[in-house]
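Notes for the one structure printed next.
The values are calculated or read from the model by the stated rules, or taken from the named source; none is laboratory data. No experiment lies behind these values; they were computed from the predicted model shown. Cβ sites come from the backbone with ideal geometry, for glycine too, and all protein chains shown count toward neighbours.
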Amino acid sequence: MMKNKIKLKKYLMITFIFSICILILTLVLNIYEYKVYTKNYNTKIATIMYNIKQKYPEISENDIIKTLNGKDNENEMFSKYGIDINKDSIIVENENMHRKFLITNGVFFGISILILVIIFMKYNKDKDREIEQITKYIEEINKKNYSLHIDEISEDELSILKNEIYKTTVMLKENAENSLKDKKQLKKSLEDISHQLKTPLTSILVILDDLIEEPDMDLNTRQEFIRDIKREIGNINFFIQVILKLSKFDSNTINFMKEKIYVKDILEESIKNVSTLCDLRNIEIELYGDSKISLECDFRWQVEALSNIIKNCIDHSKDDGKIIIEYERNNVYVAIKIKDFGEGISSKDLPHIFERFYKGENSTSESIGIGLALAKTIIEQDNGNIDVESEIGKGATFTIKYF
């Protein structure tokens, strides 16, 4: 982790430390040079003062020092001897030392520049290596090889680029996997749809063949056949409508209209949708709960979901039976429980009842195994979840929680 960032910091730190060393060494060298020059000057001046005192004892040391620090006629005095004080050094030893210092400084700065160039070239070489690596990554991606790992995470430009390439690689890999998964799912769905449509269509064709081949068929039998055709067409229509609804959810083309709705209103409308089925089998639905409990949801779609669940309970209930619906609210969620007292769901079927086209061992012949799958999809879209508990011979309890 952070390999490139550490590398960049390493080069910056080396350059910084080296620059500080150059600065310190330059200062030390200048101080040393100044001390050498000062020592040579002071030594020569001390010799001059000693000789003057020896030859002219009446001259005081203060007068000599005053003369040395003065500037009167200094150019004229040295110019007599062909010395230009602006260009030439009066002390030959300093002149020699000056040449040595120039050579030393030149070598020192030459070596410093060379080292900095080496550091810069090394850093650029590493950058070129990274660019070459990125190029190889892109070539591999173009070959649809998405099994790449870029563990170097840093903040420099190339590393950011590598990280973006990694994100793109992950996205492309996920898209490729999802595309393959979608193709397999589409294939399975088409097979299931074909299977679901095949049975009623075959039944309709057989009945039509009988009607065509026997034009003098008994009127009651003919009407019974026509009712069978109507029922099968109704099943096909219902199946197609549910498939279209599920496809809208799969393609994310449904926008839920959130509004405050009383739970009682949703359940009463759902019960109304299945009232005909209840009347045919004399099944009573009992509803319990606080009428003031409300939800933020899409009324129409939740009615669709709960209607499918209640219909499933009716299909698996005994004639003259009942279904109990209870709802309540706590600090976390609103819960709705729908309980029937039918044959129940086997432990083998229980984990699969919300899967599309799944038909349990107790399913009716009219069942297409898609109503509960649609209900689950709708409930989850409204920030809810659904669970079921069941025991053979004791019925099933669906629990829906809206968070």
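Results for (1) among the β-branched types (Val, Ile, Thr); (2) in a strand (DSSP E or B), shown as yes or no for each residue.
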position	(1), (2)
GLU296	no, yes
CYS313	no, no
SER346	no, no
PRO351	no, no
ALA373	no, no
ILE378	yes, no
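Sub-7 Å Cβ pairs linking a first residue in the stretch 231-243 that is modelled with pLDDT of 70 or more to a second residue that is exposed (fewer than 14 other Cβ atoms within 10 Å of the Cβ) and not in a helix (DSSP H, G or I), at least 6 apart or interchain, are ASN235/GLU366, ordered by first then second residue. Among the residues that make up the stretch 299-306, is at least one of them of a type in the set (Asp, Glu), farther than 19 Å from LEU374 by Cβ and either in contact (Cβ under 8 Å) with a residue 24 or more places away in the chain or not in a loop (DSSP other than H, G, I, E, B) (or both)? Scanning the stretch 299-306 turns up no residue that is of a type in the set (Asp, Glu), farther than 19 Å from LEU374 by Cβ and either in contact (Cβ under 8 Å) with a residue 24 or more places away in the chain or not in a loop (DSSP other than H, G, I, E, B) (or both). All but one of (1) within 29 Å of LYS322 (Cβ to Cβ); (2) surrounded by fewer than 13 Cβ atoms within 10 Å (Cβ to Cβ) hold for GLU269; state the number of the condition that does not hold. Among (1) within 29 Å of LYS322 (Cβ to Cβ); (2) surrounded by fewer than 13 Cβ atoms within 10 Å (Cβ to Cβ), the lone unmet condition for GLU269 is (2).
Scanning the stretch 79-136 for residues that are in a loop (DSSP other than H, G, I, E, B) and polar (S, T, N, Q), we see that the one that is modelled with the highest pLDDT is SER89.
For the stretch 19-42, a residue qualifies if it is hydroxyl-bearing (Ser, Thr, Tyr) and farther than 16 Å from ASN96 by Cα, and the qualifying residues are SER19, THR26.
For ASP290, are the conditions met, namely being more than 13 Å from LEU267 (Cβ to Cβ) and not β-branched (Val, Ile, Thr)? So ASP290 fails the test.
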